[in-house]
Every structure is written in C-alpha cells, then in structure tokens.
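Working notes, structure below.
What follows draws every value from the coordinates through simple rules; no lab data is involved. Here the structure is a predicted model, which is why all the values come from computation and not from measurement. Glycine also receives a Cβ, built like all others from the backbone with ideal geometry; neighbour counts cover every protein chain displayed.
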Amino acid sequence: MVGRKNHYGSGSVASAEPAGRAWTITATAARAGINPLRYLTDYLDACAAAGGKPPDGAALARFLPWAATDTDLARWRNPAGPDP
C-alpha cells in the first residue's frame, strides 16, 4: 500500500502534525509556481536573522505568495542557479 509506506512514522500526533504542516507549505508554494526549496531556504534564513524566531507582521507577510513582492516571487520561481 503506497499510503502506508508514505506515511510511515506518522503514527503519532507528534510526528504527523509537523509533517502535515511541511507538506501544506510546500504544496501551497508549488501551486503558486514557487520552488519550495528556495522558498523554505529564504524563510529559514529570515528565522535565523530574527534570532531563531519566526518572522511576524510584515516580515511574515512577505512569505505569503499572494502578498509577496515581485522581486521575491521572481527569486522563488527561479528553479536553480543564481538569483535573478
């Protein structure tokens, strides 16, 4: 069964909830035409710049695909290579 193999390890709420969040974020990025790896890398860099805390307010809004700037969207849509 494919589902059982793909969901191995999510038998507990402690592991299923973060996995579900990660899949939701990457699927939302992919549907918006955004490279999930580049998107998540920029988000984690923003967390590191904030002292290991997630961004909030305008800093968080930057990562919502429908509220992102054209510059960020161009960067995130670039599949690989140097920044646009």
Quick check on the range 33-79: of everything there that is touching a residue at least 40 places away in the same chain (Cβ under 8 Å) and part of a loop (DSSP other than H, G, I, E, B), which residue is surrounded by the most Cβ atoms within 10 Å (Cβ to Cβ)? ILE34
Among what's in the range 53-77 and is under 17 Å from ALA29 (Cα atoms) and of a type in the set (A, V, I, L, M), pick the residue that is nearest to the chain's Cα centre (by Cα). LEU64
